[in-house]
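Working notes, beginning with the structure itself.
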Amino acid sequence: GRMEQAGDALEEVLSKALSQRSLTLGVYEAAKLLNVDPDNVVLCLLAADEEEAGDAALQIHFTLIQAFCCENDINILRVSNPARLAQLLLPATGPDPPADLHCVLVTVSTPHS
C-alpha cells in the first residue's frame, strides 16, 4: 500500500543521508543542531513505539522539537517502529548503538553560496 511506498522512500532517503554523513541522531544532538543551524535541516524523524508513547519526558522533547520544526518549515515524520529505524541506521553507527534514536535529523550538505 501507500504506507509501504512511503517507508521505502524514507529508507532510501536515510541510506543516502547515511552515506553522505548528513544524519544527526539523538534528541539532544538534534535540539542543538536545530538551535544552531535549522536552515540546513530538511527532515525530522520522531520515533517512539507504543510503550514509549507514554513517556512524558520524551513527549515533551517531541513537542518542543515539532514546534521548532514547524517554525522553521522542516518536515516532520512520526515513526512508530523505532526498531526498524535502528536496523536501518545501526550498521553505520558501529557496534555500539547510539542510546537515542528517538529523533533523527536529515540535513542537506549543500555549501552555502
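The values are calculated or read from the model by the stated rules, or taken from the named source; none is laboratory data. Only a predicted model underlies this, so the values are computations on that prediction, with no experimental measurement involved. Using ideal geometry, Cβ is built from the backbone for each residue, glycine included, and neighbour counts are taken over all protein chains shown. Ligands, DNA and RNA are stripped out before the accessible areas are found, and what is left, the full protein with its side chains, is counted by its heavy atoms. Shrake-Rupley method; radii C 1.70, N 1.55, O 1.52, S 1.80 Å.
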- Being open to solvent by 70 Å² or more (accessible area, probe 1.4 Å) and in a loop (DSSP other than H, G, I, E, B) is the filter; apply it to the range 56-89 and report the residue that is modelled with the lowest pLDDT. Asn81
- Return the total of residues in the range 1-45 being within 24 Å of Leu58 (Cβ to Cβ), open to solvent by 60 Å² or more (accessible area, probe 1.4 Å), over 13 Å from the mean Cα position of the chain (by Cα) and not aliphatic (A, V, I, L, M). 2
- Item | In the range 15-52, the residues that are part of a helix (DSSP H, G or I) and either aromatic (Phe, Trp, Tyr) or touching a strand residue (DSSP E or B) at 6+ places or on another chain (Cβ under 7 Å) (or both) | Ala17, Val27, Tyr28, Ala30, Leu33, Leu34, Asn40
- Message: Conditions first: (1) surrounded by 12 or more Cβ atoms within 10 Å (Cβ to Cβ); (2) modelled with pLDDT of 85 or more; (3) not in a loop (DSSP other than H, G, I, E, B). Leu101 passes all but one, so which condition is the exception?
- Response: (3)
- Within the range 33-70, track down each residue that is under 11 Å from Leu105 (Cα atoms), out of contact with any Asp or Glu (no Cβ under 9 Å at 6 or more places or on another chain) and not aliphatic (A, V, I, L, M). Asn40, Cys44, Cys69
